[in-house]
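Presented below is the structure to which this report refers.
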Ligand SMILES: [Fe+2]
């Protein structure tokens, strides 16, 4: 079930990934002002298309939650950070989604949420990690209806990522 939902998310993202625009200096500065230096170091390892996706989700989340705290905004920027452990091209991500975790790189791509949580342990604010854990659990349970998610911040994160 999650795979079907995720495949759709990926299909929509694939089109935008091929023409991702690098972040401007102002956008980069917003990211740098939001993330802790230990988080920023990881974030810079994102390829251009993931930096763009991270920034778009960040701005969509901030629009939904204008009074969000920095630790919550960081969750939006870092929600896909585990993908730095599986540096696949856009095309190979599509392949990995459909064939499953058959190679080490594909397995890392499939496990990117858990890998992301491990990367952020001891780097991020506990609030950021807790939000991401709840976001992934809700997605795993396919709670795409924001009314079914108790925490409005988690619901806003999922909604912002649902591009
Ligand atoms: Fe995402």
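The values are calculated or read from the model by the stated rules, or taken from the named source; none is laboratory data. Because the structure is a prediction, the values reported are computed rather than measured. Because the Cβ atoms are built from the backbone with ideal geometry, glycine has one as well, and the counts that use them run over all protein chains shown.
Some notes on this structure:
- Meets criteria (closer than 19 Å to residue 160 by Cα, away from the ligand (no atom under 13 Å from the Cβ) and at pLDDT below 75) for residue 98: no
- Residue 118, sole failed condition from (1) surrounded by fewer than 15 Cβ atoms within 10 Å (Cβ to Cβ); (2) farther than 21 Å from residue 45 by Cβ; (3) within 16 Å of the chain's Cα centre (by Cα): (2)
- Exclusive hit being at pLDDT 95 or above, within 19 Å of residue 159 (Cα to Cα), in a helix (DSSP H, G or I) and touching a helix residue (DSSP H, G or I) at 6+ places or on another chain (Cβ under 8 Å), set 60, 13: 60
- Residue in segment 93-113 that is closer than 19 Å to residue 36 by Cα and free of Cβ contacts under 8 Å to residues at least 60 places away in the same chain present: no
- Candidates 122, 147, filtered to the one that is at pLDDT below 95 and part of a loop (DSSP other than H, G, I, E, B): 122
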